[in-house]
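Structure first, then comments.
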Amino acid sequence: MGLSVRERGETVATLRWIHVRLMETIASWIPTTPEMEIKLAFGTHVWDLAQHADALGKRTYELRMPLQHSLPPSDAYQAYLAGIAAITDSAERVAAFYDAVLPALARRYADYLSRTDQLLDAPTVRIFKHIAAEQARMIGEGDDLRRELANLPAAPRALADGLKQQEQAIADFVVHRDEKTEAGAA
Amino acid sequence: MAVDPAKTKVVRGVTLRADPAREDCFVVSQHETEMVSERDYNSPAAVRSIMHREYNNEVQNTEIAAQMLVDFPDAPWELRMELARQCWDETRHARMFLRRVIELGGRKGESPIKNGDWAIIGMIENLPGRLLVQHRLFEGGVMDSFKQVARGFREHGDSRTAEVYETILADEIQHVRFANQWLRRFSKEPRAVMQMAAALNYAHGVLRALSPKDGDRSLDDVDLAAEDHSIEINTEDRMHAGFTQAEIADLVRRDRHGLPAKRTGATA
């Protein structure tokens with residue numbers, strides 16, 4: 001059995017929250033990262049993440065939620081993102097974003113696509129596939145960036161590996177709300 | 001939101017936002033007297049220096065738009081989308097100018113840079129004030145100067161550089177236009193109007209305090225106080241960007257009286 005309308009909406013709204021947070025994170029890194037090429041890559045990808053958040057936010061409206069609705073992910077996922085936002089070293093920022101965060105999101109999208117009904121949830125499927133393709137491009141641009149910056153010291157492999165493990169340990173990043181509680185809160 | 005004193009600097013008695021991070025290859029200047037100022041379109045060294053200055057200006061614009069996304073998370077989503085798009089635009093502009101520096105035989109870090117716009121905007125603590133000063137005042141001024149500079153390069157046979165300026169000018173129209181649209185909305189809120197007035201007053205005060213004084217000379221010995229910075233108002237593009245006829249007439253009138261109605265990107 002596929003996902004309910006409510007489960008789809010919660011997942012989409014949670015992913016919107018995550019994309020907005022990631023947009024803010026790499027935006028905050030732009031003035032504080034010395035290397036111009038990295039600033040420019042982050043500046044480019046701020047716009048990509050904003051567009052992804054926007055597409056997700058339009059879909060929430062179609063899933064019986066407000067337009068551009070966001071739901072915070074689980075505490076563990078928020079802690080994972082907060083840890084990434086606190087990174088200060090340029091090479092580590094690049095590694096965290098392009099080697100850990102974006103590939104982890106790709107896995108989340110693939111997992112969702114394997115569980116949802118492709119016909120009943122076709123608009124979400126289209127959006128997720130589009131975002132996944134875009135983020136694959138962004139990962140490639142992260143590789144280009146490191147080729148351009150041959151002098152950038154490599155971030156410790158353990159950093160990306162540790163972040164991947166931390167993310168994979170979070171079974172479900174979506175907090176499923178009680179329908180009555182949600183209605184009361186609204 | 002108050003600016004953390006640890007994130008400020010003082011230049012000629014004026015408190016400004018401390019510089020954003022830069023690589024060691026750059027010499028970061030604090031005042032026009034520490035910059036190269038020659039504007040000769042026929043001098044390859046001067047042209048490279050102009051391109052290099054513009055390169056850093058565009059990086060600054062990326063940083064300013066990005067910092068607005070960070071500092072104002074509760075801004076309307078449609079406005080945040082405009083700022084995010086601007087981040088991308090400014091990165092492309094920076095790449096265009098650096099590419100031109102390299103085509104002309106230069107390199108990143110070859111001449112001093114100055115983060116003047118960042119230093120002012122970073123001291124303005126509210127969104128309406130930043131939109132007014134950065135987008136309407138500074139980028140509005142860039143629309144005027146880029147049109148004139150593009151024409152100058154074209155007249156001197158450098159159509160490749162002119163094309164870069166013309167391309168960027170088209171993008172800047174949209175940046176000024178979205179700001180004007182939001183400023184008109186904000187202008188219905190008295191608190192926002194006060195914030196805009198305070199920001200404008202602050203920016204004009206800083207520009208006045210940092211403007212070249214008699215005897216100020218650039219690194220390449222240009223008499224800065226004697227330089228002519230007059231730039232024709234770019235009426236057509238200002239209209240595209242949402243300025244009304246009356247607002248443009250005000251700018252022209254202020255220009256005639258020598259008031260600091262605008263600044264050029266080339267002096268940022």
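Some points to look at:
- Taking a Cβ cut-off of under 12 Å around B:L79, the surrounding Lys, Arg, Asp and Glu residues balance to a net charge of +1, with basic ones at +1 and acidic ones at -1.
- The 3J(HN,Hα) values that the Karplus relation (6.51, -1.76, 1.60; θ = phi - 60°) gives for the stretch B:189-195 are, in residue order, 10, x, 5, 5, 4, 5, 5 Hz. Gly and Pro appear as x.
- Of the residues B:I173, B:I102, B:I50, the one that moves most in a GNM of chain B with alpha-carbon contacts below 10 Å is B:I102.
- Segment B:H31-B:E227, extension gain: residue separation times 0.36 nm, minus the distance between their alpha carbons: 69.0 nm
- For A:V175, the residues 5 or more places off, or on other chains, whose built amide H falls under 5 Å of its own are A:S74.
- Cβ-based net charge around B:L219, under 11 Å, with every Lys or Arg adding one and every Asp or Glu removing one: -4
- For the protein assembly as shown, the Cβ-based charge dipole about the Cα centre amounts to some 800 debye (Lys, Arg positive; Asp, Glu negative; other atoms uncharged).
- Axis of helix B:140-155 versus longest Cα principal axis of chain B: the two differ by about 20°, to the nearest ten degrees.
- Residues whose amide H lies under 5 Å from that of B:K114, counting only those 5 or more places away or on a different chain, are B:S29; hydrogens are built 1.01 Å from N in the peptide plane.
- Along each principal axis, Cα extent of the protein assembly as shown, largest first, Å: 77, 51, 43
- Nonlocal amide H pairs with B:V11, under 5 Å, H built at 1.01 Å: B:L16
- Alpha-carbon centroids, the stretch B:211-225 and the stretch A:103-159: separation in whole Å: 52 Å
- For the stretch B:127-188 versus the stretch B:93-108, the gap between their alpha-carbon centres in whole angstrom: 20 Å
- Residue among B:G157, B:V133, A:V5 farthest towards the positive dipole end of the protein assembly as shown, charges placed on Cβ: A:V5
- Ascending count of other beta-carbon atoms within 10 Å, so fewest first, for A:E167, B:E103: B:E103, A:E167
- Helical contribution to [θ] at 222 nm, DSSP H n ≥ 4, -39,500 (n - 2.57), averaged over chain B, rounded to 500: -18500 deg cm²/dmol
- Counting Lys and Arg as +1 and Asp and Glu as -1 over every other residue whose Cβ lies under 12 Å from the Cβ of A:R157, the net charge comes to -2.
- The ranking of B:D158, A:D172 from fewest to most other beta carbons within 10 Å of each one's beta carbon is A:D172, B:D158.
- 3J(HN,Hα) along the stretch A:116-133, derived from phi through the Karplus expression 6.51 cos²θ - 1.76 cosθ + 1.60 where θ = phi - 60°, amounts to 8, 7, 5, 8, 4, 10, 4, x, 5, 4, 4, 5, 5, 5, 5, 5, 4, 5 Hz, with x in place of Gly and Pro.
- Mean separation of Cα pairs under 8 Å and 6 or more residues apart, divided by the residue count, gives the stretch B:24-267 a relative contact order of 27 percent.
- Here the calculated FRET efficiency for A:R6 and A:A169, from their Cβ-Cβ distance with R0 = 25 Å, stands at 0.45, rounded to the nearest 0.05.
- Shape class for chain B: rounded, because the ratio a/c of the largest to smallest gyration tensor axis (alpha-carbon atoms, square roots of eigenvalues) is under 1.5.
- Just checking the listed ones, B:M35, B:M194, B:M51: in the Gaussian network model of chain B with Cα springs under 10 Å, the one fluctuating most is B:M194.
- What the Cβ-Cβ distance of A:T88 and B:T244 gives, at R0 = 45 Å and to the nearest 0.05, is a FRET efficiency of 0.45.
- Label point 7 Å beyond Cα of B:R217 along Cβ direction - residues of the stretch B:5-31 with amide nitrogen under 11 Å: none
Every number in this text was worked out from the coordinates using simple rules, so none of it is lab data. All of these numbers come straight from a predicted model, not from anything done at the bench. Ideal geometry is used to build each Cβ from the backbone, glycine not excepted, and the neighbour counts take in all protein chains shown.
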